[in-house]
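Nothing in this text is a laboratory measurement; each read-out follows from the coordinates by a stated rule. Note that the structure is predicted; figures quoted are calculated from it, not measured. Here the Cβ is made from the backbone with ideal geometry for all residues, glycine too, and neighbour counts use every protein chain on show.
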């Protein structure tokens, strides 16, 4: 289960207007009819507000017993939130999972704190960061420093239609980018 998009990490930051994203699968199939209320696909926010998600489930054509739920949740208050989801398979067995996320009271694009420490002489290292709101363009400058705190080199990246979790190209110690992750 995710908030915003499928790159979201548990404990991350979400905007006040976001969405529930859940990728569901079960070998026996998933009940989504709503015939029996106890078998509804249900999300619960902060143990108080419930959403019935049956109509927001879309099967994956290539995998008959799997699907995706996407449902907007708007006007969330700043602070910590807890979101859980409950799903029932065609045999009546239910499963649930939950995540925690934070809504910031800061307007505009927000990039979560990032610090990457490389252990030289490793040949390659990866740099990643989280950003909110997803879907916007984000810019990030990566600067590599030596052990004395002097900059060795720097590069700026622009990520269009940014997901929540962004992986930048792999860096090697010779300052060559070796490809996208």
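Numbers below:
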| item | result |
| --- | --- |
| Residue-span extension gain [residue 27 to residue 94] - 0.36 nm each, minus C-alpha spacing | 22.8 nm |
| Extension gain (nm, one decimal) between residue 36 and residue 159, 0.36 nm per residue minus Cα-Cα | 39.8 nm |
| Kirkwood Rh, angstrom, the range 33-100 [1 / mean 1/r, Cα pairs] | 13.2 Å |
| Distance-filtered residues of the range 69-97 - backbone nitrogen under 13 Å, label point 7 angstrom along residue 5 Cα→Cβ | none |
| Inter-probe distance in nm under a simple model that places probes 7 Å from Cα toward Cβ, at residue 17 and residue 82 | 2.9 nm |
